[in-house]
Amino acid sequence: MTLDEIKSAVQKAGLPIKSDSRLPNDTGTQLRLQNGAIINCFDKGTYNIQGTNKESVERALAAGSSAPVATGGGALPSSKVFVVYGHDVDARHQLEATLRRWGLDPVILDQLPSEGATLIEKLESYYPNVGFAVVLATPDDVAYPKGKDDQKAFRARQNVVLELGMLLAHLGRKRVAILLRDQESMERPSDIQGLIYIPFKSDITKEAGLLLAKEMAAQGYRIDVAKI
């Protein structure tokens, strides 16, 4: 579905466009509607919908569209999967290899050009294109309440917690999985109910692969069981 087709569809449905501008990573155009909805229209012909009142926008676009929705609400979720990790490079390599074997495209911030952007700006630039995120919560730091040395616990890096929060806000809880290494000794990065925690100790593919594949399949991903 082209940008002009999307504009025409929402206008015919009585949904005025408040503003439009190019996405930060220059992969498409973002339309902001007066009802609070946001449509990211990608140059490759896909789109996704964010913000409020998404249902009315989905109905308007579905009426005359045969294009796949890139992320959220569509039958064809984006093959791009955000990978967040701390200092455990080995775990990241395992996860990246697993996702590629499943035919997916891992998006890893430190492998992408920064172009002078901050961490938050890079996240905001790239996450409109992803359909799922996997966060590696590994025991990289040690922390404890002030004055209570006896309560020391391992926890994920601060950047991991920050990126987790941003991705939860963008994708929703069902499309963010947290792989928790050595869960017995780890402090969970959040006590929010309903988050997807998948434990593992050393081998992501063998110990967490099946559960991760099931969670992704529930969001529309087609993963060959022979590759798990």
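The values are calculated or read from the model by the stated rules, or taken from the named source; none is laboratory data. These numbers come from a predicted model, not from an experiment. Cβ atoms come from the backbone with ideal geometry, glycine included; neighbour counts cover every protein chain shown. Side chains are part of the model used for accessible areas, which takes the heavy atoms of the whole protein and leaves out ligands, DNA and RNA. Shrake-Rupley method; radii C 1.70, N 1.55, O 1.52, S 1.80 Å.
Side notes on the structure shown:
- The chain, accessible surface, carbon-and-sulfur percent (1.4 angstrom probe): 49
- Here Ser19 and Tyr197 are evaluated by their C-beta separation; at R0 = 35 Å the FRET efficiency comes out at 0.35.
- The residues neighbouring Asp20, those whose beta-carbon lies less than 11 Å from its own, together hold a net charge of +4 under the Lys/Arg +1, Asp/Glu -1 convention.
- Förster-model FRET efficiency, 22 Å R0, Asp105 and Glu207, C-beta, rounded to 0.05: 0.40
- FRET efficiency, 1/(1 + (r/R0)^6) with R0 35 Å, evaluated for Gln158 and Thr2 via beta carbons: 0.25
- Each Cα pair under 8 Å and six or more residues apart adds its separation to the average, and for the stretch 86-228 the resulting relative contact order is 25 percent.
- Anchor Lys44: lysines whose Cα lies under 18 Å away (excluding residues fewer than 8 positions away in-chain): Lys7, Lys80
- Whole-angstrom gap from the stretch 7-51 to the stretch 127-152, using each part's C-alpha centre: 34
- Taken per residue, the accessible surface of the chain reaches 51 Å², heavy atoms only and a 1.4 Å probe.
- Estimated D of the chain in µm² per second, where Rh is the Kirkwood radius over Cα pairs and Stokes-Einstein applies at 25 °C, 0.890 mPa s: 130
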